[in-house]
Every structure is written in structure tokens, then in C-alpha cells.
Amino acid sequence: MQQLVPETSQFPAAAQLTSKLKAMTISMKGGSGVDATFEAVCGSPEDANTFAALLTAGLMYRKYQVGNTNPELGQLLDSAQITPSGDRLDLKLSLTDDQMLTLIRKNTFAVTM
């Protein structure tokens with residue numbers, strides 16, 4: 001989790017919560033657009049619910065941060081579906097080809113070093 005979202009280390013409870021993640025599966029399906037699904041297996045249903053709440057808040061905060069500079073990313077974050085179910089947590093994102101091209105052109109997915 002810390003590799004995917006390094007900013008999580010800034011939150012004191014994040015290390016404790018991410019240490020309770022047992023597994024994460026990421027699946028991407030392309031075609032006409034991209035559908036991405038992240039499934040996390042947490043230590044308990046309570047952990048999955050807490051993680052879902054924190055992830056929802058984090059995505060809302062990030063949407064606020066990029067609102068004026070990258071509205072396409074803000075729209076993507078706003079469309080994210082976060083669903084806790086038992087000890088699991090699903091995050092689903094869908095992009096059209098046009099949205100993907102716009103985000104690539106803005107270097108949205110570039111890794112900063």
C-alpha cells in the first residue's frame with residue numbers, strides 16, 4: 001500500500017491500518033476505456049470499514065487539491081466507487097479512452113522522483 005500511495009506515511013494511524021492488510025489484488029481491463037478494480041483483504045470487517053472511510057476522505061481531499069489544475073483527475077476521483085464488504089474493500093474506477101488520453105497528456109500518471 002505504501003508503494004501505491006506513499007503519502008499514507010504522513011498519517012499516524014496509516015501504518016497501523018496498512019499493516020493489517022493481508023493482500024491486495026489490482027485488475028485492469030482495457031478495451032473501449034479502462035476499468036480498474038483494487039481489492040484489499042483486511043484483518044477484519046472493522047478494518048475494512050475504517051480503511052474505506054479513510055480512503056473516501058483521502059480521495060475527496062485529493063480531488064480538492066487538483067480541482068483547478070487537473071479537473072479531469074478530480075472527475076475520476078469523484079467517480080470512484082469504494083465498497084467495504086466483510087473483511088474486503090473494493091475500489092472501482094472507470095475511464096473512457098478520451099479521459100485516459102487527457103490524463104496522460106497532463107502527466108497525471110508520471111512518477112515523481
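The values are calculated or read from the model by the stated rules, or taken from the named source; none is laboratory data. Owing to the predicted nature of the structure, the values given are computational and were not obtained by experimental measurement. Neighbour counts run over all protein chains shown; Cβ positions are idealised from the backbone, glycine included. Keep in mind that these areas ignore ligands, DNA and RNA; they rest on the heavy atoms of the full protein, side chains included. Shrake-Rupley method; radii C 1.70, N 1.55, O 1.52, S 1.80 Å.
Can we say Phe11 is of a type in the set (Phe, Trp, Tyr), open to solvent by less than 60 Å² (accessible area, probe 1.4 Å) and either more than 15 Å from Lys92 (Cβ to Cβ) or modelled with pLDDT of 85 or more (or both)?
Details: of a type in the set (Phe, Trp, Tyr): yes; open to solvent by less than 60 Å² (accessible area, probe 1.4 Å): no; either more than 15 Å from Lys92 (Cβ to Cβ) or modelled with pLDDT of 85 or more (or both): yes.
Here the answer is no, as Phe11 does not meet what is asked.
Consider the stretch 25-80 and keep the residues that are under 12 Å from the mean Cα position of the chain (by Cα) and not in a helix (DSSP H, G or I). The one that is surrounded by the most Cβ atoms within 10 Å (Cβ to Cβ) is Ala40. The lone criterion from (1) at pLDDT below 85; (2) touching a helix residue (DSSP H, G or I) at 6+ places or on another chain (Cβ under 6 Å) left unmet by Pro84 is number (1). Within the stretch 94-113, being in contact with a strand residue (DSSP E or B) (Cβ under 8 Å, 6 or more places away or on another chain) and buried (at least 16 other Cβ atoms within 10 Å of the Cβ) holds for Leu95, Gln99, Met100, Leu103.
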